[in-house]
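The values are calculated or read from the model by the stated rules, or taken from the named source; none is laboratory data. These numbers come from a predicted model, not from an experiment. Backbone-built Cβ (ideal geometry, glycine too); neighbour counts: all protein chains shown.
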Amino acid sequence: MKTAELSLFIIEDDPHFRETLIDVMALRGVTVTAAGSGTEGLKALKGQKPSVIILDVQLPDIHGLDLCKVIKRSEPFKNTPVIMLSASTRYSDPRDRVEGILAGASAFLSKPITMEKLWDEIEALTQRR
């Protein structure tokens, strides 16, 4: 998938990380839509067809794993890759990450994360489609 055709939807409550990600992806020519909570994200996803959804595990209103299940059960997004991100040490053990994969995530990455590593994951997921 060409960068110009790539679109991301980010659900992330950390405004600094969210804005940094939007800025970095814009420099790459990627269209980004973002939301700061799970509820806001579900509303904003309607009518969208992102190439990849990036989802924080720890959101203020709904747990990211539960939100991932809701998104993946939704017909328009069942084949859309979801990258889950977590800063929690609870999800640093690979055995615990199985929860994310079972919830429907295509990848589960730990914060802090470099933009290069996140980009590599996005590219890998979009090339598989």
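Residue by residue through the stretch 1-20, note down the ones that are of a type outside the set (Lys, Arg) and touching an Asp or Glu at 6+ places or on another chain (Cβ under 7 Å). Residues satisfying the conditions are ILE11, GLU12, ASP13. Once the stretch 48-69 is narrowed to residues that are surrounded by 17 or more Cβ atoms within 10 Å (Cβ to Cβ) and of a type in the set (A, V, I, L, M), the residue that is farthest from ALA35 (Cα to Cα) is LEU65. Screening the stretch 24-43 for residues that are among the polar types (S, T, N, Q) and farther than 19 Å from VAL57 by Cβ and picking the one that is modelled with the lowest pLDDT gives THR31.
For the stretch 2-15, a residue qualifies if it is at pLDDT 95 or above and more than 17 Å from ILE83 (Cβ to Cβ), and exactly one does: PRO15. Figure legend. Inter-residue proximity from the stretch 22-36: first residues among the polar types (S, T, N, Q), second residues in a strand (DSSP E or B), beta-carbon distance below 6 Å, spacing 6+ or different chains. Indicated pairs: THR31/SER7; THR33/PHE9. Considering GLU121, GLU116, the condition of being over 13 Å from the mean Cα position of the chain (by Cα) and free of Cβ contacts under 8 Å to residues at least 40 places away in the same chain is satisfied by GLU116 alone. One residue is enough: does the stretch 66-88 have a residue meeting the conditions assigned to a helix (DSSP H, G or I) and among the aromatic types (Phe, Trp, Tyr)? Within the stretch 66-88, one or more residues are assigned to a helix (DSSP H, G or I) and among the aromatic types (Phe, Trp, Tyr).
Within the stretch 78-99, the presence of a residue that is surrounded by 14 or more Cβ atoms within 10 Å (Cβ to Cβ), touching a residue at least 24 places away in the same chain (Cβ under 8 Å), among the basic types (Lys, Arg) and on the phi < 0 side of the Ramachandran plot is excluded.
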